Amino acid sequence: MTPSAKATALLVLNGAVIATNTMLARQAAGAGVAPLLYAFASAAGAALALGAFRATRGRASLPSRVARYGAIAGLISVAVPQALIYSASAYVGAGIASLAYAFPTPLTFVLAALVGLERATLGRAVGIGIAFCGAVLLALSRATSFAGEGVWVMLAMLAPLAIAGGNIYRQLRWPKGAEPLDLAVAMSAGGALWLLLALIATGGLSIPSPAGAGYLLLAALVATGGNVIYFELQRAGGIVSFSQIGYVGAVLGLLGGVALLGERYAPLTWIAAGIIAVGIAVAEVMKRRAG
């Protein structure tokens with residue numbers, strides 16, 4: 001498999017993980033599981049499972065530099081954006097929360113160009129712009145309103161900045177010689193620690209129902225494999241390709257909702273999904289042509 005084909009396959013796999021997590025979180029909420037608890041179980045379960053796997057290979061402890069990397073990456077990439085969106089979700093319309101996930105890719109593209117991580121090209125910018133327009137249209141098509149108190153709207157929209165900043169941090173500070181498995185363990189553990197502190201502060205640590213506990217276990221299993229793929233994509237595909245997983249996850253989430261949950265969407269939603277797919281294809285083709 002060529003490097004570009006590997007990066008594309010990893011992008012689709014990462015999108016599938018996001019879509020699966022979205023559907024599981026939706027079902028878990030119906031079983032009474034709070035979103036923040038779901039996020040914590042996902043991160044903590046992955047940290048434990050991946051850490052145990054590392055231990056079987058004679059690598060029980062993490063180097064201090066990798067642990068520091070994981071603590072910061074877990075805060076910026078996991079805990080902060082999830083806490084912001086989950087906290088704001090009670091005060092803003094669904095459209096705002098959906099739109100918050102549309103911004104990390106263009107923000108990452110701009111930041112990566114500014115710090116010299118990737119070379120910006122007009123063709124790739126056009127592709128990312130097309131996908132972004134599709135993501136905005138997708139949010140509009142699925143929103144009942146964009147109402148909400150101004151302060152909570154602003155807090156929700158800070159999440160994409162945290163996600164994009166986390167993307168850049170992980171690429172810039174990738175510890176020399178560290179493998180994706182090491183970083184997946186470190187970031188999962190770091191994210192779980194910060195989310196645990198948030199749960200304690202908000203009094204959100206509650207024992208779920210048996211059905212809810214089952215969804216938390218599934219979340220941990222999905223995250224275990226997903227976090228390794230997550231870092232492998234960043235290493236193989238580059239930071240901007242990596243940042244498009246939210247778009248891929250949105251499209252695959254729609255398909256999964258129809259196939260597995262019996263959901264039905266308006267024609268505008270499918271048009272938006274098609275625009276996103278075209279934008280991603282243009283961006284990736286232009287990246288390959290630019291070399």
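Structural remarks
- Here residue 154 passes the criteria (1) open to solvent by 60 Å² or more (accessible area, probe 1.4 Å); (2) within 19 Å of residue 242 (Cα to Cα) except the one numbered (2).
- Test: residue in segment 196-212 that is outside any helix (DSSP H, G or I) and free of Cβ contacts under 8 Å to residues at least 60 places away in the same chain: yes
- Residues that are open to solvent by 60 Å² or more (accessible area, probe 1.4 Å) and at pLDDT below 80, drawn from segment 1-41: 1, 2, 3, 22, 26
- Cβ-Cβ under 6 Å pairs, at least 6 apart or on other chains, segment 225-243 side among the aromatic types (Phe, Trp, Tyr), far side surrounded by fewer than 20 Cβ atoms within 10 Å (Cβ to Cβ) and part of a helix (DSSP H, G or I): 231/180
- Unmet requirement for residue 271, which otherwise passes all of (1) in a helix (DSSP H, G or I); (2) within 25 Å of residue 35 (Cβ to Cβ); (3) more than 20 Å from the chain's Cα centre (by Cα): (2)
- Residue list for segment 75-112, filter: under 23 Å from residue 130 (Cβ atoms), open to solvent by 20 Å² or more (accessible area, probe 1.4 Å), modelled with pLDDT of 65 or more and part of a helix (DSSP H, G or I): 106, 107, 109, 110, 111
- The C-beta contact set for segment 23-46 (first residue on the phi > 0 side of the Ramachandran plot, second residue assigned to a helix (DSSP H, G or I) and open to solvent by 30 Å² or more (accessible area, probe 1.4 Å), distance under 9 angstrom, 6+ apart or interchain) comprises 32/211.
- Once segment 113-144 is narrowed to residues that are open to solvent by 60 Å² or more (accessible area, probe 1.4 Å) and of a type in the set (A, V, I, L, M, F, W, C), the residue that is modelled with the lowest pLDDT is 140.
- Filter result for residue 45 (surrounded by fewer than 22 Cβ atoms within 10 Å (Cβ to Cβ) and not in a helix (DSSP H, G or I)): no
- Being in a helix (DSSP H, G or I), closer than 14 Å to residue 181 by Cβ and within 14 Å of the chain's Cα centre (by Cα) holds for only one residue in 223, 219, 250, and it is 223.
- Residue identified as open to solvent by 70 Å² or more (accessible area, probe 1.4 Å), at pLDDT 85 or above and out of contact with any Lys or Arg (no Cβ under 7 Å at 6 or more places or on another chain) among 196, 255: 255
The values are calculated or read from the model by the stated rules, or taken from the named source; none is laboratory data. For clarity, every value in this text was computed on a predicted model and none was experimentally measured. Backbone-built Cβ (ideal geometry, glycine too); neighbour counts: all protein chains shown. Side chains are part of the model used for accessible areas, which takes the heavy atoms of the whole protein and leaves out ligands, DNA and RNA. Shrake-Rupley method; radii C 1.70, N 1.55, O 1.52, S 1.80 Å.
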